[in-house]
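The values are calculated or read from the model by the stated rules, or taken from the named source; none is laboratory data. These numbers were taken from a predicted model, which means no experiment stands behind them. Positions of Cβ are backbone-derived with ideal geometry, glycine not excepted, and every protein chain shown enters the neighbour counts.
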Amino acid sequence: MIRIWARSRGRAGADAARRAFVLVLPGLWVLAVVIWELCRPTSGRLLQLLAAAPAIACAGTGRRQCVLLGGVCALLALVPFGAVEPGAGVGTRLMTCGAILAVIGASYLTARRRLRLLRELECTREVAVAAQRVVLRPLPRRIDGVLLAADHLSASEGALVGGDLYEVVGTRHGVRAVIGDVRGHGLEAIGTVAAMLGSFREVVHDEPELGEVLRRLERSHRRHLRERARGEGVVGGDGDAAGRLAEEFVTLLLLEVARDGSVTALNCGHPWPYRVARRAVAPVAPAEPMPPLGLFPLPEKLSAVRCGRLRPGEGLFLHTDGAADARDAAGEFFPLAEELRSSVAAAAAPCGPSPAGVVGEVREALLRHAGGRLTDDVAMVMLSNDRVRVPAPSAGTPPPGGALPR
């Protein structure tokens, strides 16, 4: 947190210094031209450079500063400095003043259009952010006794959603989570992400078995790709559509945390999570994953893999392969396991590491390692069992009502 605060303060200081420099630059320009004309008179020819001052003010500060500084420059252009050469009298100064006024008018109109475009861009960004938040909505802090934290980094500049997906939902069957990675990254993968998440949010409440949830997701994926192929003008019927389907796939990891903390999973080509205890981090790899969704049909029998039980304070750290495959300038991969252990130690608490603290620390370490330049989307989710164990009542323990049995 201290590092984040220091970086934010540093960025704020740099922005303030930049704004101050842009604000005083037009005035410094005018002052330099006037001083030069006073020291080495050019009979007003150098004063023509004053026309640049309102343009600089309009580009860097605003329209009011442009008009104010331009008026000052226009008045300075009419003032004779030093000895006036023959033929360089009032006419030259008037032409300079007219040129400055023309620059003022053009700069004013340009700044007005720029401000209007900036307002439209800001409105468009707000709409885009709202739409992306609907697709990849923020997770609540807690669901049915399970603490949650998640983060997503898109490789596309300006995008909040890319080719990675995650969701956690509380159901009568337990807390169910999905994390996945669509083939490709950035804006072109958002359609598939939206289709998969929409299907998961619907079927996860209806199907009692994880295997049936996965089959419904497979059908939704194939249906989405067929519709996208028809929308893009693929000609030739189902044969060409099947060819397009063979090129698209999604890696998925489905998890279910039951009331007693037992964890079951189904893995389609996705990295297995890490089990996080108070100060210990260990990879979870109970079985070989199945092929990614979409490459091959699912087997006829799907049995969820048992991944042990989460005791109170223990958690699971889920991630996409973009986290482990991130490289620095020297080409070194991001040491996810080591940084995760350091993050767990930094976010340690009496009741177990904080999911938000662990995810935040890993995010900062990843961005430092990659230098802020990501080549693939990254998604991270951490679930921590926060349920309190209630001891069974003994023979001499009074019932909850407080009255002793007769």
Q | Hey, Gly294 closer than 18 Å to Val381 by Cβ, assigned by TED's automatic domain parsing to the domain that holds Gly211 and surrounded by 13 or more Cβ atoms within 10 Å (Cβ to Cβ) or not | A | no
Q: Please work out which one of (1) within 25 Å of the chain's Cα centre (by Cα); (2) surrounded by fewer than 15 Cβ atoms within 10 Å (Cβ to Cβ) is the condition Pro299 fails and give its number.
A: (1)
**Q.** Test: residue in the range 219-242 that is under 19 Å from Gly180 (Cα atoms), assigned by TED's automatic domain parsing to the domain that holds Ala287 and either touching a strand residue (DSSP E or B) at 6+ places or on another chain (Cβ under 8 Å) or modelled with pLDDT of 95 or more (or both)
**A.** yes
Q. Using beta carbons and a limit of 7 Å, which pairs, at least six apart or on different chains, have the first residue in the range 193-211 and within 24 Å of Asp377 (Cβ to Cβ) and touching a residue at least 24 places away in the same chain (Cβ under 8 Å) and the second one of a type in the set (Gly, Ala, Ser) and surrounded by 15 or more Cβ atoms within 10 Å (Cβ to Cβ)?
A. Val193/Gly163; Ala195/Ser220; Met196/Gly180; Met196/Ser220
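Restricting attention to the range 370-384, and to residues there that are farther than 12 Å from Ala149 by Cα and touching a strand residue (DSSP E or B) at 6+ places or on another chain (Cβ under 8 Å), which single residue is surrounded by the fewest Cβ atoms within 10 Å (Cβ to Cβ)?
Taking the range 370-384 and keeping what is farther than 12 Å from Ala149 by Cα, we get 370-378.
Within this subset, residues satisfying the condition of being touching a strand residue (DSSP E or B) at 6+ places or on another chain (Cβ under 8 Å) are 370, 374-375, 377-378.
Details: Ala370: 18, Leu374: 22, Thr375: 11, Asp377: 27, Val378: 28.
So, considering only residues that are farther than 12 Å from Ala149 by Cα and touching a strand residue (DSSP E or B) at 6+ places or on another chain (Cβ under 8 Å), the one surrounded by the fewest Cβ atoms within 10 Å (Cβ to Cβ) is Thr375.
Could you name every one of the helices (runs of 4 or more DSSP H) located completely within the range 294-406 that has at least 2 residues being modelled with pLDDT of 90 or more and over 25 Å from Val178 (Cα atoms)? Break it down into steps so the answer makes sense when it comes.
Details: elements: 321-325, 336-346, 355-370.
Because the criterion is at least 2 residues that are modelled with pLDDT of 90 or more and over 25 Å from Val178 (Cα atoms), the helices (runs of 4 or more DSSP H) in the range 294-406 that meet it are 355-370.
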Q | Of all residues making up the range 281-290, the number that are outside any strand (DSSP E or B) and either surrounded by 15 or more Cβ atoms within 10 Å (Cβ to Cβ) or in contact (Cβ under 8 Å) with a residue 40 or more places away in the chain (or both) | A | 2
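Does Arg278 fit the bill of being touching a residue at least 24 places away in the same chain (Cβ under 8 Å), part of a loop (DSSP other than H, G, I, E, B), charged (D, E, K, R) and more than 22 Å from Glu167 (Cβ to Cβ)?
On the way: touching a residue at least 24 places away in the same chain (Cβ under 8 Å): yes; part of a loop (DSSP other than H, G, I, E, B): yes; charged (D, E, K, R): yes; more than 22 Å from Glu167 (Cβ to Cβ): yes.
It is true that Arg278 is touching a residue at least 24 places away in the same chain (Cβ under 8 Å), part of a loop (DSSP other than H, G, I, E, B), charged (D, E, K, R) and more than 22 Å from Glu167 (Cβ to Cβ).
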Q) Is it fair to say Ala83 is at pLDDT below 70, loosely packed, with under 15 Cβ neighbours inside 10 Å and assigned to a loop (DSSP other than H, G, I, E, B)? A) yes
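Of the residues Leu109, Leu165, Leu115, Leu121, only one is in a strand (DSSP E or B) and not polar (S, T, N, Q); which? Give the derivation first.
Details: Leu109 fails: in a strand (DSSP E or B); Leu115 fails: in a strand (DSSP E or B); Leu121 fails: in a strand (DSSP E or B).
Residue meeting the stated conditions: Leu165.
Go through the residues of the range 97-119 one by one and say whether even a single one is at negative phi, at pLDDT below 70 and surrounded by fewer than 14 Cβ atoms within 10 Å (Cβ to Cβ). Give the steps one after another, and end with the answer.
Initial filter on the range 97-119 (at negative phi): 97-119.
After this cut, where a residue has to be at pLDDT below 70 as well, the list is none.
Checked the range 97-119: no residue is at negative phi, at pLDDT below 70 and surrounded by fewer than 14 Cβ atoms within 10 Å (Cβ to Cβ).
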Q | Subset of the range 212-227 [crowded, with 17+ Cβ neighbours inside 10 Å, touching a Leu at 6+ places or on another chain (Cβ under 8 Å) and either among the hydroxyl-bearing types (Ser, Thr, Tyr) or closer than 21 Å to Thr264 by Cβ (or both)] | A | Val213, Leu214, Leu217, Glu218
